[in-house]
Structures are given as structure tokens and as C-alpha cells.
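One structure is given below, encoded as C-alpha cells.
The values are calculated or read from the model by the stated rules, or taken from the named source; none is laboratory data. Predicted model, so just to flag it, every value in this text is computed and none were measured. Don't worry about glycine lacking a Cβ; one is built from the backbone with ideal geometry, like all the others, and counts go over all protein chains shown. Areas reflect the complete protein model, heavy atoms only, side chains present, ligands, DNA and RNA absent. Shrake-Rupley method; radii C 1.70, N 1.55, O 1.52, S 1.80 Å.
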Amino acid sequence: MNKINNDFIIFRLSILCVVYFTLLFLNSYVFNYNAAIIGVFQELLTIPFLLGTLILLVISARSVYIKTFTFKNISSWSFIILTILSIIIFGSFFIS
Amino acid sequence: MKKTLFVYLILVVILLSCNKMRNEDHLNDESIKISHNEENNQISYIANVENNILNMNMTIENRSKSFFFNESLKIDPSNENLIADIITENAIKLSEKYSLQTIDKLSYLVMRTINSELNSMSKVDINKIENQGLIMYYSLLKTTKRKITSSFKSSKNTLPLISTVSQGFLLNKTSFIFNEDIDINVPNFIKFINNNPNFSSEVGERILSDVLGCFDEEKITLQDLMNKIELTAMEENSRTKSWWPSGSAHGCCGNYSGPCYYGHPICYIHDVMCITCTPRWFCFSGCVPDAQLQETIEISELQDNKVSDAIFQF
């Protein structure tokens, strides 16, 4: 029961990461809001979210490795979401 | 005897025609004459360069005799301060002679002449100082209008009439114009900067946005903007020299003008990672690359073709 709860928490946190980075992308390429307050929160939160994404990816990968990969398993979905997100955000640092 | 007389006569005729041709050539090479009819008015403009001095004369004659404009100007094109001084001096004289309505009508007629005559010319011909003289007359009339309007606004304490030759003209990028005659629509310019993040992304975008945000008026002149930018740059410079970090310093969270309100080690790491402003999503759309922060804003950049007509109104 406790294990299932942990998987749900990881899934919710991975969704939170997706939402945060989606908002960042939208602001940079679509809305272009230059408000100082947004900039303050962005600078403070982006690096923790980047590290969080990596940590969550490792945890979900470990969970998938232990339970074997199935689409019924919620940690598999967390792993898929976090892998795609990591490829996009870390890949963008190398593609100018 | 008859034969000798005939030879002399032929020689005199040849000499006279040669002299006449030389004079005509001289006129064709050095002088520019423009004659234009607009509505019920005859506009004549003549200009030539002699000893590096541009001599110009413009006559605008209304056939119904409602006004007659005849003004000569002598300008040294190599000295931009002198050009501004001469035009301003003449504008003050004209403001005492003509009403605002007449000046409006005259500037309209000169603009119509410019449009009609210069549109058919090549870029090289337009850049000839004799043709630029025609545009100087337009500036003269616009300056006169400014003088009359400022006299209306402050009848007691008349402000000095200042005219600044546009840097675009000095850099040979635009036609002659005074910064004071270029109107900027502030909301449109801010909208333009927000909609075009690539505009001036290397230099000045943040400064421009900040400076434009300080204006309460909807319409300002280019010179107003330049003065404010200079003042802001001086303030920023003195602030960066002080012990308290500015809002754009490394380690300060966010990127804004004025003193830093909140700093954090995470923000310092973020700022260091964003020295080149890539990737854009990570560094925020208002990011300014560090290496170019010291550069000043070139006015030529403002007058670049990329800027829509909605921003600048001549």
C-alpha cells in the first residue's frame, strides 16, 4: 500500500515537472511576459526542478527495474514522461 | 582681306559657342533645379555646391497670391552642428513671419515635392547633398512649426529651440532629418518589442523597454527617447559602480533595473549558466548577453527597416 502511494507521489511530481517546464516554454516562445516577479521565481525554481526531474527519473527507473515494465504500472508512466521530458530539456542545452 | 575677316569671324563664333557650352556644362554638373506644380502652387528649388558650401534657394508661389515663400540657405554639409544651427536660426525668423497654418501648408507642399521628385531617383542621386537640401527645407519648416507650437504652449518662458541632426544621416544611412521631428508611438513600440523578441536581442532591449515604460505620453520624439536612454545609462553606470548590486547583477534573482531586492546562490548559478542567453526557455525572453551589456544603443538600429511604420512617424 505504501509502495503504491510512493508511485503515485512520483507520478504527480513528474506531472508537476511537465507543467512547470511547459509553462516555461510557453512563456519563452509564445507569451513573452517579461514581468520581473516571473523572472525571480523562474530563476529560483528552474534549477531545483531540473535536479528534481533527474532524481525522479532515477527513482522511477529503479521502480520499473524492480517491478518490470508494464503499462498498467503507474511508475512505468512516470518513467516514460520523465524520460521524454529529460531528453527535451537537457537536449536543448546542446542544440542551439 | 575678306578672307581674313571671315576666318576671324568663324573663330569668334567657335570661341563664343565653346564658352556657352562650358557654362551649360558647369550648370548641369553643379546645379540641381527642381520645379514642381502642386494644386495651385509652383515650387521651385535650386541648389549647387561651391567651395564645399551648399547654396540653396526655394520659392513657393501660390497662384491666388495667398502666400509667397522665398528662402535661401547656405550650409556647410561637413559640419552637422552648423547645419542644425543655421536651420534653427532661419526657423526662428520664419516663425515670426508666417502663421502656423501657412507653415503647415508649406511643409505639406515641400513633402509632396520630395515624394514626387525623389521617388524617381536612384539611391545614389537621393544621397547627393544637393538633393538632401530639399529635405533640409522640409526640416526647416518642421522646426518652424515646433517653434510656433512651443511659443503657444509657453508664452512666458519660451524654451530654447534645439535641433539634433539624426545619427542615421551622419552615418549615411538615412535622409536628412532632425531627431525632434521623428515621432515615436510609445505603446506601439512596446508592443513591437514584446512581439519581436529577436529585435535588438543583443543590445538594449531591456533598456529600451524600461525607458519606454517611464513615459506617460503616448507620443514622444526620438530625441526624448535618446535623452532618457542616456540618463538611464548614466544612472545604471553609477549604480553598478556602487557597492549594492543592481537588479541585473549575477546572483540577483530576476532581471530588472534598480537595486537588487533578493539574491540567492541558485540565482547566481542560473545567471552564470545564462551568460550567452541559451537556451532561451531557460534564460527568460528578456535575457541580455553579458559581453554586449557595455555596448551603447546605436540610433541607426532604431531606424532600421525592421521597425514598422507604426512606431516611427515622420
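Couple of notes before you dig in:
- Couplings 3J(HN,Hα) for the range A:76-85, derived from phi with the Karplus relation 6.51 cos²θ - 1.76 cosθ + 1.60 (θ = phi - 60°), are 5, 5, 4, 4, 4, 4, 5, 5, 4, 4 Hz, where x marks Gly and Pro.
- Between chain A and chain B, the total buried accessible area stands at approximately 2000 Å², from heavy atoms with a 1.4 Å probe.
- Two-site FRET efficiency, B:ILE190 against A:LEU16, from Cβ-Cβ distance with R₀ of 35 Å, rounded to 0.05: 0.55
- Relative contact order of the range A:2-94, pairs being alpha-carbon contacts under 8 Å that are 6 or more residues apart, as %: 41
- The range B:30-180: C-alpha gyration tensor shape, a/c 1.5 cut-off, then a/b vs b/c: oblate
- Estimated [θ] at 222 nm from DSSP helical runs (n ≥ 4, -39500 (n - 2.57)) normalised by residues in chain A, nearest 500: -29000 deg cm²/dmol
- For the range B:127-133, backbone phi angles converted through the Karplus equation (6.51, -1.76, 1.60; θ = phi - 60°) give residue-by-residue couplings of 6, 4, 4, 5, 6, 5, x Hz, Gly and Pro being listed as x.
- Over all other residues within a Cβ to Cβ distance under 11 Å of B:GLY254, the charged ones net out to -2, with Lys and Arg as +1 and Asp and Glu as -1.
- Residues whose amide H comes within less than 5 Å of that of B:THR221, counting only those at least five positions distant or on another chain, are B:ILE184 (H built at 1.01 Å from N in the peptide plane).
- Cβ-Cβ distance of B:ARG112 and B:ASP76, R₀ of 25 Å, FRET efficiency by 1/(1 + (r/R0)^6): the value works out to about 0.30.
- Cα Rg over Rh - the range A:2-94, Kirkwood: 1.04
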